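The values are calculated or read from the model by the stated rules, or taken from the named source; none is laboratory data. Keep in mind that what you see is a predicted model, and the values were worked out from it rather than measured. Note: ideal-geometry Cβ built from the backbone for every residue, glycine included; neighbour counts use all protein chains shown.
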Amino acid sequence: MKQHNTAGPLELDSLAISTAPHTPSRRPWSVGAALGAIGYGYVVVVIGFLYLPILVMALMSANASPLYELPFHFTVHWYQALADDGVLKAAAFRSIEIALWTTLLSTILGVMASLAFFRYDFAGKRFLQAMLFPPMAIPWLITGTAMLIFFFAIGIGRGLHAILLGHVALALPYVIIVVGARLRTFSPELELAARSLGASGWQITWRVTLPAIAPGVVAGALFGFAVSFDQFVVSYFLSDPGETTLPVEIYSAIRKGFTPEINAISTIIIVVSMGTMLIVSRLYRFGGEQ
Amino acid sequence: MKFALSSPQGRPLVRAMTLAGPAYMWLLLAVFLPLSVMLFYSFMSDVPTSGGNWSLTFQNYLTFLDEPLYRKLMVRSLGLSAQVTLICTVLGFPCAYMLAKVIRGRSREALFLLIILPFWSNGLVRIFSWNMVLRSGGVVDWVLNHLWPWPVDTDLMFSYPAIVIGLVHSYLPYAVLTAYLSLQAIDDSLIEAARSMGAGRLTILRRLILPLAMPGMLAGAVLTFVPVVGAFMEPRLLGGRKGTFIGTVIEDQFVAVFNWPLGAALSFTLLALVLAILFIGMRLSRRKDK
């Protein structure tokens, strides 16, 4: 199915010809082309399915009818209403503030942990590494309710402190994965070379290692931001009713019977998160061309 | 090839832990201690903060075993999760195959990014956006009524299919990503070799590609299954009154009924099931690896 591939090893192509000289003529190739076209169409359908509700929501956020009635009449009314909505605005600023703190803390802790595993070998390393990932492997419902119980038991209670504690823990494994992946492309000999030239531990870290893995660190930081900014479940259990994050505020607005303003803020959120991840993808390729 | 950067002073474990220690302390405070305290709570007869007397008891777990409703909901949640996982895997594989093995160059990168992007946008907002597509008078309804000669009333909102559609929409990018990563790791020359030996498309797919992609697809399936078992926001928003699952019951124990010990016991039962499934999944994928 990859008849257009010109990158394949030459020897293999010639081998294929020499061992199978009687390959049936053109017909199967056109079957391949047809399958390829169907497959291409399928990918487009999948993308359509993924974006359909998001596009509809964006459209409705600019539709005059509060009951989402078609035909479409353009308005910016709901975005204006959003600008006057103190509750949603306050929640949005709180979300951004928490996401920024989460980014800072999870990046510092995550880079330190990644460096530790990069530099040192010791017994039980695999076990210790595995212990970093429960926040990803356990359903957030369980992590969130456990945090609620514990923070109440030790007197932190609910609120922004509790949310920040939780978000950093959730973001850490993502930062460590991304920074760790970048470190795998960095050769430890460089650190040794710097050391042999008389650099101190701090100098090595700041002037050799960190500059080399900077794209990974930035990508990890953006992951941390995205994890925190999008987080709903854990924030939901840990937030004080009067003072919560944007997703929790949106959830309660939906459950109360929502207004088109929610479409407007949701559209903004989607654009912001997708924009963030677009930047990440520039810095850190998710398995694109190697 | 790891080595201790400053081996003269201190053992590698000690040095590693001075770097990774803060991350572990954070996870201890925000994840491991909370889980331990929740385990303890699940054996309590009452919440100590309410001032009443409490004692250790198995009653909360016995309630789960005695009450057919909880068992039924647990089975229902596992069923939903299995269904969503299966649909995501089946829909995601052809898409991942096209991206990994057929589509090349810049269009591959662009399409891949388009599929992955929604995964990093807000999950709550994406679930909410289906409302405008599925509701009576929504997009599906509107399109059907304009294509079909007689009026039809399609209201898919607040139904079981709506929950499945929303969850598949949420986790499909994950299934594509994991299948893509394992498909991309398959050497193209293997496929060429099989073809030159006269293997047909189906044989190559069945005997070569599927077995080699299986570990990655299993990992993707596990990563979809685990969070869906504990889903509560999606069933609430898309299922309405039909959206009662074990996740929503646990949520109720913490935010509405305030029976934290029972909620803790239900959470731990769920966690035990999830860990068992994770374990089996890991085992299966490791065996397939060899």
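Quick check: anything in the stretch A:154-162 in contact with a strand residue (DSSP E or B) (Cβ under 7 Å, 6 or more places away or on another chain), more than 9 Å from every other protein chain (Cβ to nearest Cβ) and either more than 16 Å from B:ALA30 (Cβ to Cβ) or not in a helix (DSSP H, G or I) (or both)? Yes, some residue in the stretch A:154-162 is in contact with a strand residue (DSSP E or B) (Cβ under 7 Å, 6 or more places away or on another chain), more than 9 Å from every other protein chain (Cβ to nearest Cβ) and either more than 16 Å from B:ALA30 (Cβ to Cβ) or not in a helix (DSSP H, G or I) (or both).
Give A:SER235, A:SER281 a once-over and let me know the one that is facing another protein chain (nearest Cβ under 8 Å) and among the polar types (S, T, N, Q). Walk me through it before giving the result.
Values: A:SER235 fails: facing another protein chain (nearest Cβ under 8 Å).
None of the other options fit; the residue is A:SER281.
Considering the conditions (1) over 30 Å from A:SER281 (Cβ atoms); (2) surrounded by 16 or more Cβ atoms within 10 Å (Cβ to Cβ); (3) touching a Ser or Thr at 6+ places or on another chain (Cβ under 8 Å), B:SER136 is excluded by exactly one of them, (2).
Determine if the stretch B:85-94 includes at least one residue that is in contact (Cβ under 8 Å) with a residue 12 or more places away in the chain, closer than 30 Å to A:VAL43 by Cα, surrounded by 15 or more Cβ atoms within 10 Å (Cβ to Cβ) and facing another protein chain (nearest Cβ under 9 Å). Within the stretch B:85-94, one or more residues are in contact (Cβ under 8 Å) with a residue 12 or more places away in the chain, closer than 30 Å to A:VAL43 by Cα, surrounded by 15 or more Cβ atoms within 10 Å (Cβ to Cβ) and facing another protein chain (nearest Cβ under 9 Å).
Rundown of residues vs (1) more than 8 Å from chain B (Cβ to nearest Cβ); (2) over 25 Å from A:ALA91 (Cα atoms); (3) assigned to a loop (DSSP other than H, G, I, E, B), yes/no style:
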residue: A:PHE117; (1), (2), (3): no, yes, no
residue: A:LEU148; (1), (2), (3): no, no, no
residue: A:PHE152; (1), (2), (3): no, no, no
residue: A:LEU165; (1), (2), (3): no, no, no
residue: A:VAL168; (1), (2), (3): no, no, no
residue: A:ALA171; (1), (2), (3): yes, no, no
residue: A:ILE176; (1), (2), (3): no, yes, no
residue: A:THR185; (1), (2), (3): yes, yes, yes
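Residues being in a helix (DSSP H, G or I) and either over 21 Å from B:LEU80 (Cα atoms) or at pLDDT 90 or above (or both): count how many of those fall in the stretch B:151-174.
14
Kindly evaluate B:TYR174 against the criterion of being surrounded by fewer than 19 Cβ atoms within 10 Å (Cβ to Cβ), in contact (Cβ under 8 Å) with a residue 60 or more places away in the chain and more than 8 Å from chain A (Cβ to nearest Cβ). First the steps, then the outcome.
On the way: surrounded by fewer than 19 Cβ atoms within 10 Å (Cβ to Cβ): no; in contact (Cβ under 8 Å) with a residue 60 or more places away in the chain: yes; more than 8 Å from chain A (Cβ to nearest Cβ): yes.
When the stated conditions are applied, B:TYR174 does not pass them.
Looking at the stretch A:121-141, is at least one residue aromatic (Phe, Trp, Tyr) and crowded, with 18+ Cβ neighbours inside 10 Å?
Step one: list which residues in the stretch A:121-141 are aromatic (Phe, Trp, Tyr), which gives A:122, A:127, A:133, A:140.
Those left that are additionally crowded, with 18+ Cβ neighbours inside 10 Å: A:140.
Yes: the stretch A:121-141 contains one or more residues that are aromatic (Phe, Trp, Tyr) and crowded, with 18+ Cβ neighbours inside 10 Å.
Quick one: how many residues across the stretch B:248-273 are within 14 Å of the chain's Cα centre (by Cα) and either part of a loop (DSSP other than H, G, I, E, B) or modelled with pLDDT of 95 or more (or both)?
Taking the stretch B:248-273 and keeping what is within 14 Å of the chain's Cα centre (by Cα), we get B:270-271, B:273.
Now restrict to residues that are either part of a loop (DSSP other than H, G, I, E, B) or modelled with pLDDT of 95 or more (or both): none.
Residues meeting the conditions: 0.
Residue by residue through the stretch A:65-120, note down the ones that are among the basic types (Lys, Arg) and either within 19 Å of the chain's Cα centre (by Cα) or crowded, with 17+ Cβ neighbours inside 10 Å (or both). Walk me through it before giving the result.
Our first condition is that a residue be among the basic types (Lys, Arg); within the stretch A:65-120, this holds for A:89, A:94, A:119.
Selection gives A:ARG94, A:ARG119.
Residues that are β-branched (Val, Ile, Thr) and either within 31 Å of the chain's Cα centre (by Cα) or assigned to a loop (DSSP other than H, G, I, E, B) (or both) within the stretch B:186-202 comprise just one, B:ILE186. Between B:VAL140, B:VAL125, the distinction of being more than 9 Å from every other protein chain (Cβ to nearest Cβ), without any contact (Cβ under 8 Å) to a residue 24 or more places away in the chain and β-branched (Val, Ile, Thr) belongs to B:VAL140 only. Applying a threshold of 9 Å to beta carbon distances and a minimum spacing of six or more residues, or different chains, the list of pairs starting in the stretch B:203-218 at a residue that is in contact (Cβ under 8 Å) with a residue 24 or more places away in the chain and ending at one that is of a type in the set (Phe, Trp, Tyr) and part of a helix (DSSP H, G or I) reads B:ILE209/B:TYR97; B:ALA213/B:PHE93; B:ALA213/B:TYR97; B:GLY216/B:TYR180; B:MET217/B:PHE93.
Based on this model, can you work out whether B:LEU212 counts as under 30 Å from A:GLY144 (Cα atoms) and more than 8 Å from chain A (Cβ to nearest Cβ)? Give the steps one after another, and end with the answer.
Numbers: under 30 Å from A:GLY144 (Cα atoms): no; more than 8 Å from chain A (Cβ to nearest Cβ): yes.
Taking the combined requirement at face value, the residue does not satisfy it.
If you go through the stretch A:63-89 and keep only what is within 18 Å of B:VAL133 (Cβ to Cβ) and touching a residue at least 24 places away in the same chain (Cβ under 8 Å), you end up with A:ASN63, A:PRO66, A:TYR68.
Restricting the stretch A:64-93 to residues that are in a loop (DSSP other than H, G, I, E, B) and acidic (Asp, Glu) leaves a set whose member that is nearest to the other protein chains (Cβ to nearest Cβ) is A:GLU69.
For (1) touching a strand residue (DSSP E or B) at 6+ places or on another chain (Cβ under 9 Å); (2) modelled with pLDDT under 95; (3) facing chain B (nearest Cβ under 10 Å); (4) assigned to a helix (DSSP H, G or I), each residue gets a yes or a no:
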position	(1), (2), (3), (4)
A:LEU100	no, no, no, yes
A:ILE108	no, no, yes, yes
A:ALA123	no, yes, yes, no
A:MET136	no, yes, yes, yes
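Residues that are modelled with pLDDT under 90 and more than 17 Å from A:ILE108 (Cα to Cα) within the stretch A:163-190 comprise A:ARG184, A:THR185, A:PHE186, A:SER187, A:PRO188, A:GLU189, A:LEU190, listed in sequence order. Take the conditions of a type outside the set (Asp, Glu), farther than 29 Å from B:ASN122 by Cβ and buried (at least 17 other Cβ atoms within 10 Å of the Cβ) and apply them to B:PRO227. Does it pass? No: the conditions fail for B:PRO227.
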